[in-house]
1. Could you work out the relative contact order of the range 87-175, using alpha carbon pairs under 8 angstrom and six or more residues apart, expressed as a whole percent?
2. If you take every DSSP beta bridge whose two residues both sit in the chain, what share of them, in percent to the nearest 5, is antiparallel?
3. For the chain, set up a GNM with springs between Cα atoms under 10 Å and report which of His157, His178, His42 has the largest fluctuation.
4. Once the Cα atoms of the chain are picked out, what are the Rg and Dmax in Å?
5. Given an 8 Å cut-off on Cα distances and at least 6 residues of separation, report the relative contact order of the chain as a percent.
6. Among all cysteines in the chain, which have no other cysteine Cβ under 4.7 Å from their own Cβ?
7. Give me the net charge for the shell around Trp182: Cβ to Cβ below 15 angstrom, other residues only, Lys and Arg +1, Asp and Glu -1.
8. Ordered by packing density, taken as the mean number of other Cβ atoms within 10 Å over each peptide's residues, highest first, how do 92-100, 2-10 rank?
Amino acid sequence: MQILLHPFAGSIQQYDQEIADPSRYRPDHCPQCQAAWGLTAHGFYRRTLVDAGFDGSIRVRRYLCRFCRRTVSLLPQFALPYLRFSVTVMALFLMARLRDGHSLVAAAALAGLPSMPYQRGQFWVRRFRKQAVALCAALAALTAPVAASSFIERALHMLEAIGWITAHRFLFADLRFHLLGWPAFLAPDGRIATVQPATPPA
Ligand SMILES: [Zn+2]
């Protein structure tokens, strides 16, 4: 399955109503085999999402390509693939922690997550730190880099100047680059890494 981002900017409730119509945001070609007009509606899957004032599951529209028989899903742009928390929540947390120097607990509260486990915040910070140099390089296509004392600070400035969701859409759609890094079970472009066949016993 390939994930595409859906440029939807309204509320989660509006999003759910709008995706009820399969034609509304149907991509005009398959992102995998490039065939035009071959995508047919293929139901939904559900994923969890935590956003300001929302903690639940959302439907994600799926299409099937008539030509290559592979599926494509249309994730709303406020969600991050493979992470439960929305771009906005993550941005608020990382800015509070890394730019403004709040403690992990205070940063979580400022992001609207007062009961978030401490380890989750540490995990996000670690992933963001690892990405900072690559983020600065990739985002230079959208905004001029600013002078900063570290790549982390520079990346945060650039994300703020561009807007986190706009930056996420650009990185993901054009470069297949995940804002917080692809999880280890996926290849660097987000595809399921090829499973090596087991060596047959001698
Ligand atoms: Zn196809």
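We did not get these values from a lab; they are worked out from the coordinates using the rules stated. Keep in mind that what you see is a predicted model, and the values were worked out from it rather than measured. Glycine gets a Cβ as well: all are built from the backbone with ideal geometry, and neighbour counts include every protein chain shown.
1. On the way: 76 pairs, mean separation 23.8, N = 89.
Worked out over the range 87-175, it gives 27 percent.
2. On the way: 17 of 23 bridges.
Here the share of antiparallel DSSP bridges comes out near 75 percent.
3. Ranking His157, His178, His42 by mean-square fluctuation puts His42 first.
4. Cα-based Rg and Dmax for the chain come out at 18.4, 59 Å.
5. On the way: 282 pairs, mean separation 31.8, N = 202.
Reported relative contact order: 16 percent.
6. Cysteines lacking a close Cβ partner in the chain: Cys136.
7. Numbers: positive: Arg126, Arg127, Lys130, Arg176, Arg191; negative: Asp189.
Neighbour charge sum, excluding Trp182 itself: +4.
8. Values: 92-100: 19.6, 2-10: 15.8.
Going by the mean number of other Cβ atoms within 10 Å, highest first, we get 92-100, 2-10.
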